[in-house]
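Please see the structure below; I have some questions.
The values are calculated or read from the model by the stated rules, or taken from the named source; none is laboratory data. Because the structure is a prediction, the values reported are computed rather than measured. Virtual Cβ from ideal backbone geometry, glycine too; neighbours counted across all protein chains shown. Only protein heavy atoms, including side chains, enter the accessible area calculation; ligands, DNA and RNA are left aside. Shrake-Rupley method; radii C 1.70, N 1.55, O 1.52, S 1.80 Å.
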Amino acid sequence: MRDYDEVTAFLGEWGPFQRLIFFLLSASIIPNGFNGMSVVFLAATPEHRCRVPDTANLSSAWRNHSIPLRLQDGREVPHSCRRYRLAAIANFSALGLEPGRDVDLEQLEQESCLDGWEFSQDIYLSTIVTEWSLVCEDDWKTPLTSSLFFLGVLFGSFVSGQLSDRFGRKSILFATMAVQTGFSFLQIFSINWEMFTVLFVIVGMGQISNYVVAFILGTEILGKSVRIIFSTLGVCTFFAVGYMLLPLFAYFIRDWRMLLLALTVPGVLCIPLWWFIPESPRWLISQRRFIEAENIIQKAAKMNNKAAPVVIFDPMEELKLPSQQKILILSLFRTRNIATITIMSLMLWMLTSVGYFALSLNAPNLHGDAYLNCFLSALIEVPAYITAWLLLQTLPRRYIIAGVLFLGGGVLLLIQLVPEDYNFLSIGLAMLGKFGITSAFSMLYVFTAELYPTLVRNMAVGVTSMASRVGSIIAPYFVYLGAYNRVLPYILMGSLTVLIGIITLFLPESFGVTLPETLEQMQKVKGFRLRKNTRDSTEKEENPKVLITSF
């Protein structure tokens, strides 16, 4: 029985065909970058105050003092959701009384914004917040918009693998790209918040499905030596490129509907990729479609200038492909040791995800230019991915993950000590925190895959990555807390990140250790007294090195 990689070895590892697939699939990820984070501009909340209608019979002095002041971050600012009762101040104005001199403003009765709000247009001409007044009593809808988008991401990540197994990688890749682009376009015509949000959930489903299927297609077509670079630097870096394009689009297009229209155009430009990206030969073989698989390999050989055998895949010969056994999720909790590792891994994924997405969503709310801050938040991801890739080559997993988590969480905790006049320092610390958390996030796939045995490895990575989706659903509410206290989100994120860094130190070390093949071979949690497994996982026998990808 021959292996697929052995049969197709004549193609080489990095010929013109592989380079084309690498860059086209990576480029298809770019729209995911700005669609995944577009909510930071589409649902931005500008400064606002209660509207005082022009028809109100107020003197200029009373009009200037119609909004009460409140204390925020140590300074007095106009209230966003209250005004003095209009009938009362109109009466005082008619009597010729002066605010503050003849009338004690603190004793005046207040009311809600009965005539709506006035929104500042210094940064945004319009957002869904200004269009549908998602402030004050309705301000809970803004973080819910982001959370429901990530709920769509959670559902999409759950079904995308099954769909691509059933209908093929290429078909589902382009179908989900069409879903992401098409429903983003439909959002432009939203007539209310409810319609916008329902469509946004569907966009989230397409967004992650496109990412996952492109990842699977790339890892199945590319050779072993290129696979890990594609799954780390390839898709991650191009996602960051798309993320960097978002603030550039938003800077020049300040209206949310026009911005959304501009963000759908790159998705349309991906249509010609259909004629260049092939179906996965591995999937075709699993479906017994040998002729189609052979045609793809023949074209690849021609592109790489390689001589192909007359018969590449013999239908009469059984080809060895990775087995996909049905495993129950309860296997991840079979013993106390395995259950402890699983619970700690779930916490690690979820809290790291909270930090990553909360910092990404909060970038425009930092002091200074919102567009520049968002660009820096995207730019810092590129060195974070490169650093993670370099560290994974030579250093123990749990120490480097804990180290970058301590770095990220520690600098976030320092933000509360920075004086308000040193805004540039706060921004620098926030970006350094994003660097540490992003580095840790990109290492988790490899670390989790190395901890678990072959039998449950896909299940473990799938379940823990689902926990990260739960973290992304929670993250918008960390940003929401910033409306009440500027540094509270950083205190919470920093504390949780340091805590999960400490917990990471208790996980087993996987670097340089033979990959476990059975549950009994899994290493023990450090620092806990657990029942001894029937077989020691730290066997000293040398096995061939196994390639671990980030999925």
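When the label point is put 7 Å from the Cα of Ser112 along its Cα-to-beta-carbon vector, which residues of region 46-76 have a backbone N closer than 18 Å?
Only 48-53, 68 pass the distance filter.
R0 = 45 Å: FRET efficiency of Leu395 with Leu273, Cβ-based, nearest 0.05?
After rounding to 0.05, the efficiency reads 0.75.
A further question follows. Using the Kirkwood radius over C-alpha pairs as Rh, can you work out the diffusion coefficient of region 194-254 via Stokes-Einstein at 4 °C, viscosity 1.567 mPa s, in µm² per second?
For the chosen part, D equals 95 µm²/s.
Please give the per residue accessible area of the chain, computed with a probe of 1.4 Å over protein heavy atoms only, in Å².
Roughly 46 Å² per residue, with all protein chains present.
Measuring from label point to label point, each 7 Å out along Cα→Cβ, what is the Arg85 to Asp102 span in nm?
Each label point lies 7 Å from its Cα, and together they span 1.9 nm.
Along its three principal axes, how long is region 333-454 when you only count alpha carbons? Whole Å, largest extent first please.
53, 27, 21
Once the Cβ-Cβ distance between Val159 and Leu186 is put in as r, and R0 is 35 Å, what FRET efficiency do you end up with, to the nearest 0.05?
0.95
Residue by residue through region 337-342, which ³J(HN,Hα) values in whole Hz follow from phi under the Karplus form 6.51 cos²θ - 1.76 cosθ + 1.60 (θ = phi - 60°), with glycine and proline marked x?
Those phi angles translate into 5, 5, 5, 5, 4, 5 Hz.
Estimate the FRET efficiency between Asn305 and Lys526 by the formula 1/(1 + (r/R0)^6), using the beta-carbon distance for r and 60 Å for R0, to the nearest 0.05.
0.70
Give me the one-decimal nm value for the distance between modelled label points at Asn295 and Glu13, 7 Å along each residue's Cα-to-Cβ direction.
Spacing of the two 7 Å Cα→Cβ label points: 3.1 nm.
Using alpha carbon coordinates only, what is the Rg to Rh ratio of region 9-52, with Rh defined as the Kirkwood radius?
1.50
Given the convex hull of the Cα atoms of region 454-496, what is a quarter of its surface area in nm²?
The directionally averaged projection comes out at 3.4 nm².
Compare the peptides 18-25, 95-102 by average per-residue count of other Cβ atoms within 10 angstrom and give them in order, highest first.
Descending mean neighbour count gives 18-25, 95-102.
Separate question: Take the Cα coordinates of the chain, assign each an equal point scatterer, and use the Debye formula without solvent to give log10 I(q)/I(0) at q = 0.05, 0.06 Å⁻¹.
-0.26, -0.36
Just from its helices, what would the mean residue ellipticity at 222 nm be for the chain, if runs of 4 or more DSSP H residues each count -39500 (n - 2.57) and the sum is divided by every residue, rounded to the nearest 500 deg cm²/dmol?
When only DSSP H runs of four or more count, the value is -19000 deg cm²/dmol.
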